[in-house]
Amino acid sequence: MANDQLNVHWKTVDDTLVATIRFQGEYDETGDYFAKLEGVVGPHADGDRIVIYRGGGTIEVCLPVKEPVESDEVKSRLLEGGQMLCSTFRGQYGSEEAGKALGEKFGAMWRYTIDHHIGVSEAPWREAHLGDDPEDPGAYASELQVPLLLQKWLGRFEDSLAQFASDDVKREVLEGSDGILPQSDTDKKIAWVKGAMERLDAAVPDEDTRREIVCRCAHIYPAEQIQKLKSKYEELGGLEPFMTWLKEDPGYRGAPYYRDPERGDDVIFIDKAPQEAAKHREATDPSVKRASACHCPIIKAAIQRGEEISPTFCNCGTGWFKPLWETLLERPVRITCEESVLQGHDRCKFAIYLNDGGKE
């Protein structure tokens with residue numbers, strides 16, 4: 001599907017109280033689960049259907065509700081809103097073909113975010129139903145929604161600056177951030193990030209403090225994967241057998257977030273898996289290889305354009321690994337970025353220090 005056929009649009013979705021049923025299954029089963037959910041929710045419903053796709057066949061059917069509704073199978077929670085990249089979709093209830101078309105359109109939206117340098121958050125993708133099609137019995141229209149990262153990243157950056165720097169430094173570093181949106185011109189986003197890192201480097205001379213500020217902006221490591229790895233760590237009885245097993249771990253729902261773990265003296269080295277693995281593997285142009293490795297859309301675009309940005313930004317990647325290793329080891333750890341695509345390497349390599357909170 002070509003990008004120009006997506007007809008994407010942007011919107012901000014409010015937080016919504018929903019009643020949900022989560023199940024492991026296929027797209028064409030959602031109608032049956034909605035029937036169960038609607039039977040329990042009844043008059044408490046306060047909006048149209050929402051489907052959350054969590055990957056690996058885990059699906060959550062949701063209904064907005066006026067007040068919490070609970071049963072053995074139904075749970076209520078606040079569904080986080082935020083900025084979304086959206087596209088309309090028409091489907092047929094209970095149709096395998098519609099499920100395939102939905103997957104293809106979500107795939108095209110993912111490709112759109114890569115091609116247009118748009119950051120996607122860690123929240124699962126969703127489908128918000130718009131209503132039945134009166135001219136086609138059994139058909140419906142929906143809005144596919146991809147949660148976006150930029151405003152979350154900026155909010156985390158602001159909170160971190162407030163924790164580790166003065167108000168004056170926070171204002172200085174964040175100057176102009178209110179004009180940066182997911183749909184902003186890519187060159188504008190690159191220029192702002194480049195300037196913010198330069199202002200941070202100048203205003204906060206201590207490298208450890210800068211690392212602490214930026215590492216708290218990272219994507220949130222999936223809690224489900226952390227618990228899986230923690231269980232395996234305990235089952236195997238410690239770090240040494242766990243490190244051997246980790247080399248063969250397929251990752252989170254088949255998508256590895258790490259590769260080539262190595263044990264050194266009181267340190268573990270681990271690489272971040274490339275975002276575009278096949279492209280990274282096949283690339284012969286160094287800039288293409290570096291850009292395909294990077295998970296940050298703005299840095300990816302900067303590499304493609306030959307722009308230099310302070311490697312201070314790479315500390316964002318240290319924050320990605322931090323909750324995992326602190327859960328495994330049950331103590332604070334210090335993580336540093338040893339190599340990165342911003343520094344001219346074709347990969348991003350991190351060091352996890354094992355002893356005394358990582359203090360040298």
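The values are calculated or read from the model by the stated rules, or taken from the named source; none is laboratory data. Everything quoted here is computed from the prediction, not taken from an experiment. All Cβ positions, glycine included, derive from the backbone under ideal geometry; neighbour counts span all protein chains shown.
Structure notes:
One line per residue, one yes/no per condition, for (1) of a type in the set (Gly, Ala, Ser); (2) more than 22 Å from ILE335 (Cα to Cα); (3) outside the structural domain of SER121 (by TED's automatic domain parsing):
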{"position": "LEU161", "(1), (2), (3)": "no, no, yes"}
{"position": "PHE164", "(1), (2), (3)": "no, no, yes"}
{"position": "LEU181", "(1), (2), (3)": "no, yes, yes"}
{"position": "ALA202", "(1), (2), (3)": "yes, yes, yes"}
{"position": "GLY237", "(1), (2), (3)": "yes, yes, yes"}
{"position": "LYS247", "(1), (2), (3)": "no, no, yes"}
{"position": "ASP260", "(1), (2), (3)": "no, no, yes"}
{"position": "ASP265", "(1), (2), (3)": "no, no, yes"}
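- Screening region 58-73 for residues that are among the charged types (D, E, K, R) and over 28 Å from ASP133 (Cβ atoms) and picking the one that is surrounded by the fewest Cβ atoms within 10 Å (Cβ to Cβ) gives ASP72.
- Candidate set from region 1-53 (those that are closer than 23 Å to SER87 by Cβ and among the small types (Gly, Ala, Ser)); member that is modelled with the lowest pLDDT: ALA2
- The residues of region 202-218 that are among the small types (Gly, Ala, Ser) and within 26 Å of the chain's Cα centre (by Cα) amount to a single one, ALA218.
- A search for C-beta distances below 6 Å between a residue of region 257-283 that is under 11 Å from PHE350 (Cβ atoms) and any residue that is among the acidic types (Asp, Glu) and exposed (fewer than 15 other Cβ atoms within 10 Å of the Cβ), counting only pairs 6+ apart in sequence or on different chains, returns PHE269/GLU262; ASP271/ASP260.
- Checked against the criterion of being assigned to a strand (DSSP E or B), touching a Leu at 6+ places or on another chain (Cβ under 7 Å) and at negative phi, region 2-16 contains one or more residues that satisfy it.
- Counting only helices (runs of 4 or more DSSP H) wholly contained in region 269-345, the ones carrying 1 or more residues that are in contact with a strand residue (DSSP E or B) (Cβ under 7 Å, 6 or more places away or on another chain) and surrounded by 15 or more Cβ atoms within 10 Å (Cβ to Cβ) occupy 315-329.
- Entry remark, region 296-347: residues being over 18 Å from GLN275 (Cβ atoms) and either in the same structural domain as GLY195 (by TED's automatic domain parsing) or among the aromatic types (Phe, Trp, Tyr) (or both) number 1 in total.
- Test: residue in region 54-75 that is assigned by TED's automatic domain parsing to the domain that holds ALA141 and in contact with a Pro (Cβ under 6 Å, 6 or more places away or on another chain): yes
- Of ASP48, ASP72, all but one fail to be acidic (Asp, Glu) and within 21 Å of PHE89 (Cα to Cα); the exception is ASP48.
- Qualifying residue in region 224-245 (condition: part of a loop (DSSP other than H, G, I, E, B) and of a type in the set (D, E, K, R)): no
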